[in-house]
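Following: one structure in structure tokens, then a few remarks.
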Amino acid sequence: MTFMKKKKLDDASNMSWSPTKGDTVKVHGLANAAQYNGIEGVVVSALDPETNRCGILIEFEGKTKTLALQMKNLSLMHAAKKAKSAQNAEAGESHTLSTNIVDSAQPMSKAKQLLDDPEIKAMVESNPKFKDAVEDVLNNPMNFMKYLSDPEMSPLISKAMSKLQF
């Protein structure tokens, strides 16, 4: 019974909380990706009202990953500081996930470079749906998730993934 009371408290606190970039959260309640339960991460993208998901940067098995998680699977651990400058940071302070937030912007720069590729450019220009999807994802990278299951988008996604070098 104690567990249920704690869960209700966590759910109640999450109802009044809206994720902000830089918030530290704990992942819980994932059934299909249970390996991530209990891991702390950092919010890297705003809550998408359509999917009720936000981007969470985690470190798992020595690699960083960005997960699109629902609010019900997150607990706020620490709210992001409103104004933080490098000058105010303590000299010895280091946080791997905070450092990786900067690194997480790199995949978007790679995505933008893909648009300069002649094959990708031709595909996007020849199909209005591709063009709309690319613009949508450039405005909000988390929207990429909704295009993954669209069979019409498969040729573009496959071609783009084949050109990315990780």
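The values are calculated or read from the model by the stated rules, or taken from the named source; none is laboratory data. Computed from a predicted structure; not experimentally measured. Here the Cβ is made from the backbone with ideal geometry for all residues, glycine too, and neighbour counts use every protein chain on show. The area values use the complete protein model at the heavy-atom level, side chains included, leaving out ligands, DNA and RNA. Shrake-Rupley method; radii C 1.70, N 1.55, O 1.52, S 1.80 Å.
Odds and ends about this structure:
- Only listed residue being farther than 27 Å from K21 by Cα and of a type in the set (A, V, I, L, M, F, W, C), chosen from A160, A133: A160
- The stretch 40-85, residues that are of a type in the set (S, T, N, Q), open to solvent by 20 Å² or more (accessible area, probe 1.4 Å) and without any contact (Cβ under 8 Å) to a residue 60 or more places away in the chain: N52, T64, T66, Q70, S85
- Just so you know, in the stretch 135-166 the residues that are within 20 Å of T51 (Cα to Cα) and more than 17 Å from the chain's Cα centre (by Cα) include one that is modelled with the lowest pLDDT, and it is S149.
- Residues satisfying the stated conditions in the stretch 116-166, i.e. farther than 27 Å from L69 by Cβ, open to solvent by 50 Å² or more (accessible area, probe 1.4 Å) and of a type outside the set (S, T, N, Q): D116, P118, E119, K121, A122, E125, P128, K129, K131, P155, K159, K163
- Any hit, the stretch 106-113, residues being open to solvent by less than 90 Å² (accessible area, probe 1.4 Å), modelled with pLDDT of 80 or more and more than 23 Å from T51 (Cα to Cα): no
- The stretch 1-28 - residue that is assigned to a loop (DSSP other than H, G, I, E, B) and open to solvent by less than 60 Å² (accessible area, probe 1.4 Å) and, of those, modelled with the lowest pLDDT: W17
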